[in-house]
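*Asks:* This structure is in structure tokens; I'll ask about it shortly.
The values are calculated or read from the model by the stated rules, or taken from the named source; none is laboratory data. Computed from a predicted structure; not experimentally measured. Cβ placement follows ideal geometry from the backbone for every residue including glycine, while neighbour counts extend to all protein chains displayed.
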Amino acid sequence: MPKLPHLLLVLAVCTPFACAAEESANLKYFRDIAETRSYSLGRPVAPKLTPDGQTVIYLRGGPRDPVLRLYEFPLPAGPERELLTPAQLLGNAEEKLTAEEKARRERARVTLRGFTRFDLSKDGTRLLVTLSGQLYVVNRANLKVTALPGKNWIDPRFSPDGTAVAAVSAGELHVIELGVTPSSHAVTTGATATLSHATAEFVAQEEMARREGYWWAPDSQSLVYQETDESAVEVRHIADPLHPDAAPVDFFYPRSGSPNATVRLGLVARSGGATRWMKWDAAKFPYLTRVVWRETGDPLCLSVMDRAQQTSLLLRADPATGATTELLRETDPAWLNLDASAVLPRWLPGSREFLWTTESRGAWQVELRAADGKLLRPLTPLDFIYKGLSKLDAAHGSIYVSGGSDPREAHVWRFPLAGGTGTALTTAPGQHSASFSENASTFIYTYNLLDGTAGAEVRSADGQRLATLPSVAEKFPARPNVELTQTTGTPSFYAALIRPRAFQSGKKYPVILAVYAGPTTTTVSASTRGYLSNQWMADQGYIVVRLDGRGTPHRGRDWERIVRGNLIDVALEDQIAGLRALGVKYPELDLTRVGVTGWSFGGYFSAMATIRRPDVFRCGVAGAPVITWENYDTFYTERYLGLPQTDAAAYQVSSVLTYANQLTRPLLLIHGLTDDNVYAQHTLQLADALFMAGKPYEFMPMLGTHLAGSSDPVVQLRQQMRVIEFFNRELKP
């Protein structure tokens, strides 16, 4: 067991936080944030309009209860009716999840409990929920609950005709016929420890925003499913250190440069039988990124991508033969992004035209294309910041999208299919979203605004409010003291400053940079609730700063792709430049006392910033950091850095280990020991390198996965107290 003694010495540095006998108002403020999930518990979750547009179905917990129950709200005025609770099904028993279901929830960042999702039959009369791996159908008319046969089900969905449910268990796809006596039969066979059917592989769930592994045919008579062969994929074994008596859990995890799962797509009859496989050049295009088969008459389509993620094909498949035809090809010399907000193509009635989204002209746009893939016209302008396709309303010649002119906001817009100027249906600064009824006559409007208000309403297609959905969420005591701003100079960065509620003009404050700084994510948002935990840190006597530099989304193709081949230098340069620009504009920022903290990519950045720029950062907290990109997954890493076998320099310059011996500032490392996304291996690699270089550091191991106890208020409180204790010691001695 080499090197174990020095690890134990490192762990001994972490003294437990001693709580005061009586909790202060300061601690109560954060505890309230944690227990209410930033005052979001008690609000409707995943609301859906029934097909007739007369009722809203949703999940909801209590103000401090993360267990979700099932509700309906008849329009326009209710009253709300509770349809089903987990306690009705389990009594006093605890919910039990399989390792596979836990992993799926981790991929989807689901930390709530109870009914975490539901499916609604196409006619709106029945609901489908899962609890402890058991499936239940709920009849809305009489609230009769029917338990379906089988166990350990994942990803259950009604057939389009509502007469059956498909679900996956033990690596096989099953169909459960909903007759007088429901019966189940497997439609796939041959699953082994390395071969599975109808579930998406790790990188599809984690990085492609594709969590489905099967799709019903529109006529309900067959299903398309993914077969996944992971025999060549590396296996990682995660043991729970708190329970050494328990066997480790195995995960197939494709490290950058290593073999991926081999995926193919097949069609099988609802009754089972032989599979017909769809044909494409899987050796050249191994990634199956999207599968679409929505309505009767629509073609079966799939999108595939090469391993370099520089070429993508949209293919039309013939279910009768498995042959595919290329409809369009996208290329990019850096990389292609997937539109994570929409499942495309979206065919118009008659299947003569379809909607598509692309960055090929320098920014995301929605396009209208002919059935053969030929471009007809863009529907959104280049200067519109597209964030998602909400609805196609072909009957009225419109599309509804999310976006606007400010990357910090998201508004509901309507654009004509014929081309022309769009119309904004929302205007207040903040985050707005819409989920439409089947006929697009009404939509569920959710909002989370800069002034602190939040809620969910039902509105007509022209934006008129029809109803307000009930919420039992607590109201937070005061709006965070946040200022949104933009730095001067070129380039200019969006930023947020969170000052103490007891801020004193003319006083200098130490600064905490709360950072992500990586691809796919921005941190500066016109949503006040997102700054509540930052406010708690600020109230300890700091100004908390957020900045979005180059490499982040919503500022155009070139802005994002500048990080190709080097994930740290531009990000580090921009965060420092932004801090210095803010220091000139806001003299209360004491830039001689700056700490940095982040999680995941933000943890990676924090470690790099602390090590490489001690002239700027006095200390850093790195949570669940990626340390060596060779040990992160293929689809994410290779998009930005290429293959380690051919782009070794990109991995070298982007690795924290390259600079570990330069550490001169205090660094606190935090990692969940059972993290199955960024494995604890990363932090241990850095800890070992720092030890061998004679560099002191602190390490706080956590019991948990990548989110490291984010669902436990006590864990959150203890973690944040440890972090602020560290900053107080280093920035306010």
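*Asks:* Any chance segment 620-642 includes a residue that's at pLDDT 95 or above, more than 23 Å from the chain's Cα centre (by Cα) and crowded, with 24+ Cβ neighbours inside 10 Å?
*Replies:* yes
*Asks:* I've got another one for you. Restricting segment 676-719 to residues that are more than 23 Å from Pro244 (Cα to Cα) and under 18 Å from the mean Cα position of the chain (by Cα), which is modelled with the highest pLDDT?
*Replies:* It comes out as Ser711.
*Asks:* While we're here: Step by step: first the residues of segment 352-387, then only those that are touching a residue at least 60 places away in the same chain (Cβ under 8 Å) and part of a strand (DSSP E or B), then the one that is farthest from Arg555 (Cα to Cα). Which residue is that?
*Replies:* Lys387
*Asks:* Still on this structure, please answer the following. Mind checking which pairs have a first residue in segment 474-485 that is within 29 Å of Gly61 (Cα to Cα) and a second that is outside any loop (DSSP other than H, G, I, E, B) and of a type in the set (Phe, Trp, Tyr), Cβ under 8 Å, 6 or more apart or different chains?
*Replies:* These pairs meet every condition: Pro477/Tyr29; Pro480/Tyr531; Val482/Tyr531.
*Asks:* Just one of Thr325, Thr296 is over 24 Å from the mean Cα position of the chain (by Cα) and either at pLDDT below 95 or closer than 22 Å to Gly388 by Cβ (or both); which is it?
*Replies:* None of the others qualify; the one that does is Thr296.
*Asks:* Quick check: anything in segment 185-200 closer than 22 Å to Phe118 by Cβ, surrounded by fewer than 21 Cβ atoms within 10 Å (Cβ to Cβ) and touching a residue at least 12 places away in the same chain (Cβ under 8 Å)?
*Replies:* no
*Asks:* Still on this model: Arg270 versus (1) under 25 Å from Asp339 (Cα atoms); (2) surrounded by 15 or more Cβ atoms within 10 Å (Cβ to Cβ): which is the lone unmet condition?
*Replies:* If we test Arg270 against (1) under 25 Å from Asp339 (Cα atoms); (2) surrounded by 15 or more Cβ atoms within 10 Å (Cβ to Cβ), just (1) comes out false.
*Asks:* Please determine whether any residue of segment 63-71 is out of contact with any Ser or Thr (no Cβ under 9 Å at 6 or more places or on another chain) and modelled with pLDDT of 90 or more.
*Replies:* yes
*Asks:* What is the residue count in segment 463-495 for residues that are exposed (fewer than 14 other Cβ atoms within 10 Å of the Cβ), assigned to a strand (DSSP E or B) and among the hydroxyl-bearing types (Ser, Thr, Tyr)?
*Replies:* 0
*Asks:* Working only within segment 195-216, note down all residues that are farther than 22 Å from Val678 by Cα and in a loop (DSSP other than H, G, I, E, B). Break it down into steps so the answer makes sense when it comes.
*Replies:* Going residue by residue through segment 195-216, those that are farther than 22 Å from Val678 by Cα are 195-198, 212-216.
Across segment 195-216, the qualifying residues are Ala198, Gly213.
*Asks:* Of the numbered conditions (1) within 30 Å of His682 (Cα to Cα); (2) free of Cβ contacts under 8 Å to residues at least 60 places away in the same chain; (3) not β-branched (Val, Ile, Thr), Arg255 fails exactly one; give the number of that condition.
*Replies:* In the conditions (1) within 30 Å of His682 (Cα to Cα); (2) free of Cβ contacts under 8 Å to residues at least 60 places away in the same chain; (3) not β-branched (Val, Ile, Thr), Arg255 misses (2) alone.
*Asks:* Within segment 528-540, is there a residue that is over 17 Å from Leu589 (Cα atoms) and part of a loop (DSSP other than H, G, I, E, B)? Break it down stepwise before answering.
*Replies:* Going residue by residue through segment 528-540, those that are over 17 Å from Leu589 (Cα atoms) are 528-533, 536.
Then keep just the ones that are part of a loop (DSSP other than H, G, I, E, B); that gives none.
No.
*Asks:* What is the residue count in segment 106-154 for residues that are in a loop (DSSP other than H, G, I, E, B), farther than 20 Å from Gly171 by Cα and either small (Gly, Ala, Ser) or touching a residue at least 24 places away in the same chain (Cβ under 8 Å) (or both)?
*Replies:* Qualifying residue count, segment 106-154: 14.
*Asks:* Here's another thing I want to ask about it. From Val175, Val145, which residue is of a type in the set (Val, Ile, Thr) and crowded, with 21+ Cβ neighbours inside 10 Å?
*Replies:* Residue meeting the stated conditions: Val175.
*Asks:* Sticking with this one: Determine which member of the set Ile444, Ile498 is under 23 Å from Phe601 (Cβ atoms), crowded, with 18+ Cβ neighbours inside 10 Å and of a type in the set (A, V, I, L, M).
*Replies:* Ile498
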